[in-house]
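A short write-up of the structure that comes next.
The values are calculated or read from the model by the stated rules, or taken from the named source; none is laboratory data. Small disclaimer: the values here were computed from a predicted structure and weren't measured. Because the Cβ atoms are built from the backbone with ideal geometry, glycine has one as well, and the counts that use them run over all protein chains shown.
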Amino acid sequence: MIQPSYFLPVLLLMLLLGGCENIDIVKRTGVSVDTNAYYTAYQKAPTDAWQQINFDNKIYTGKTLSFAMNEPTDSYGVVFVCPSKRRDLPHDIYVFYATAAEMTLLDFKCRKAQDEIVTRALYGKISGVNLATSANSDGELVHIALSSTVSSNVLEAYAEQVPTGRRDAVAYKGKHSLAGNFIEKPEAFLITRNIGSSTSVDSEKINLGFDSGSSYSANFNFSHESPVTISGKNDTDNMSASVSFLSQNKSLLKLFETTQTSFSFVPIPLDAFTSKVEGFFNQNEFIPGEGHELNATVYSADGKIDREVRKFFTLSNAQPHNINLPKAIDFPVSLTPKPTGKYQFIDSTWSEYNDVGSGKTQLYRWVIDGSAADLPADKKPDVEVTKVRWNVHVTPGWISNLSRTSGSFSLTLPVNFESSAQKRGVSVDVWSDDWSFETGTSLEWEFTAFATSDKGSSGAVIEYLLNRNIVENYTFTRASMRSSFVATP
């Protein structure tokens, strides 16, 4: 018999997942949405009305909503709006169509433009580095990374402008000569986690050491050198490959980069994660969210990604890594706008992407760029933004619940994602016209199919694309194609 003391917290948890709805404790499953978006709405079935989660969120306060679905295979939709504050950047609208079985969590954050992020100086000395001299040209150089985009080669000191907030300093050192500012191969690794957090100071000095307790340091183990083989490259492909280490706070340390299809690398000298005790991790271990990124990318003539494979892992004790570039999209893909008043619907069609070497197709994505519709004369904003971009993500489970013909998919995007919002009990019109595409204008689009290994999922791909979170060891591929719809005069 279930005791009351056990049953009560379980019942409360289920009520929290379901909000104010009735709960079927046998069949229902929960979907959780975490976001700071200016406007968010969700739809519990493709034919249901959109319901608002939040709107007019001008200070981008984070909010959470959990809603229940009748069955794990039932379809839902969520839309997030990040209005642009600059005329030269588009409004960003993100749409996610999925089933609860494919994605139970969406962690979406609106982010500032890169050049608007507050930065500060981070600098300090690096001890334990042997410098080259005129008498001894065999000195050491340090490659240090302080964020996902900030890295440099330094000697006995470093100084960089970095975004405010918590971060990791990760680095390696190796031999170099006076004639070359590069490291032939890494010899010792260094990591200092959770540096700084203040936004009220202009600079912070942090000393690092390969020879002191201020940082964790270990020598690379060359007996763990791991070979990589990349297949699927065509003779005309413009391909590059790399191996990097991604730390918990998203500092990216590139270990190796090449244009070859066969190479080897020495992995980061950290051990497998064992435990967390009272908020502390063992410094010599990979902690959750850290790991290696192995990727091979084929670029188009204009530098965009055409095909790519990414593999995520922690340990690599002489482990061979055989990765396959995905095949190109070989079926018709089309996007057609349909004018509807001042807006335009968008009809898109494509076929199922199948690539045995890439695994199961988990996600399709449309990125559509166009002209923003005009606002009414009485609703002119402080900044007139003339462009809008829709980022539409569709899982196979969601699209398979709709009708299709001969293996092809068809999706009609609405002119807007208006919800029944109320402010102080009064219904308000919260969808802004300039979040939609202006009727009769041209559109540019990119279509991408994502596939994963057995350990991957739709949610794992989304978490990496949105937040660069490595949620499990797996491999995913992407294949893209681009085109445009040119409106006739």
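For segment 366-374, the count of residues that are more than 26 Å from the chain's Cα centre (by Cα), of a type outside the set (Phe, Trp, Tyr) and either surrounded by 14 or more Cβ atoms within 10 Å (Cβ to Cβ) or over 20 Å from Tyr97 (Cβ atoms) (or both) is nonzero.
Looking only at segment 331-362, residues that are outside any loop (DSSP other than H, G, I, E, B), out of contact with any helix residue (DSSP H, G or I) (no Cβ under 8 Å at 6 or more places or on another chain), of a type in the set (Val, Ile, Thr) and under 28 Å from Gly459 (Cα atoms) come to 2 in all. Surrounded by 14 or more Cβ atoms within 10 Å (Cβ to Cβ) and free of Cβ contacts under 8 Å to residues at least 24 places away in the same chain, is that true of Val394? So Val394 does not fit the description; no. Residue selection: Phe263 satisfies the criterion of being in contact (Cβ under 8 Å) with a residue 24 or more places away in the chain and not in a loop (DSSP other than H, G, I, E, B).
Elements of the type strands (runs of 3 or more DSSP E) sitting completely within segment 80-175 and holding at least 3 residues that are closer than 30 Å to Ala45 by Cβ and touching a helix residue (DSSP H, G or I) at 6+ places or on another chain (Cβ under 7 Å): these cover 91-99, 105-108. If only residues of segment 439-489 that are of a type in the set (Asp, Glu) and modelled with pLDDT of 95 or more are counted, the one that is surrounded by the fewest Cβ atoms within 10 Å (Cβ to Cβ) is Glu444.
Comparison of Phe312, Phe263, Phe286, Phe256 shows that the only residue that is within 21 Å of Glu187 (Cβ to Cβ) and crowded, with 19+ Cβ neighbours inside 10 Å is Phe286. Answer with yes or no whether Asp378 is loosely packed, with under 14 Cβ neighbours inside 10 Å, assigned to a helix (DSSP H, G or I) and without any contact (Cβ under 8 Å) to a residue 24 or more places away in the chain. Answer is yes for this residue. Comparison of Leu208, Leu253, Leu190 shows that the only residue that is within 15 Å of Thr314 (Cα to Cα) and either touching a residue at least 12 places away in the same chain (Cβ under 8 Å) or in contact with a helix residue (DSSP H, G or I) (Cβ under 9 Å, 6 or more places away or on another chain) (or both) is Leu253. Any chance segment 236-248 includes a residue that's surrounded by 12 or more Cβ atoms within 10 Å (Cβ to Cβ), over 30 Å from Arg482 (Cβ atoms), outside the structural domain of His143 (by TED's automatic domain parsing) and of a type outside the set (Phe, Trp, Tyr)? Yes. If the condition is being over 20 Å from Ala318 (Cα atoms) and among the polar types (S, T, N, Q), then segment 214-236 contributes Ser214, Ser215, Ser217, Asn234, Thr236.
If you go through segment 90-141 one residue at a time, how many are under 30 Å from Ser458 (Cα atoms) and either of a type in the set (Ser, Thr, Tyr) or in contact with a His (Cβ under 6 Å, 6 or more places away or on another chain) (or both)?
5
Among the residues of segment 76-83, is there at least one that is farther than 24 Å from Pro414 by Cα and surrounded by 14 or more Cβ atoms within 10 Å (Cβ to Cβ)? Looking through segment 76-83, none of the residues is farther than 24 Å from Pro414 by Cα and surrounded by 14 or more Cβ atoms within 10 Å (Cβ to Cβ). Within segment 329-363, if we keep just the residues that are aliphatic (A, V, I, L, M), surrounded by 15 or more Cβ atoms within 10 Å (Cβ to Cβ) and over 24 Å from the mean Cα position of the chain (by Cα), the residue that is farthest from Asp433 (Cα to Cα) turns out to be Val333. Filtering segment 418-465 to residues that are aromatic (Phe, Trp, Tyr) and not in a helix (DSSP H, G or I) leaves Trp431, Phe437, Trp445, Phe447, Phe450. Considering the conditions (1) in the same structural domain as Leu270 (by TED's automatic domain parsing); (2) surrounded by 15 or more Cβ atoms within 10 Å (Cβ to Cβ); (3) free of Cβ contacts under 8 Å to residues at least 40 places away in the same chain, Gly174 is excluded by exactly one of them, (1). Taking the listed residues Ser358, Ser348, Ser400, the one that is small (Gly, Ala, Ser) and touching a Lys or Arg at 6+ places or on another chain (Cβ under 9 Å) is Ser358, with no other qualifying.
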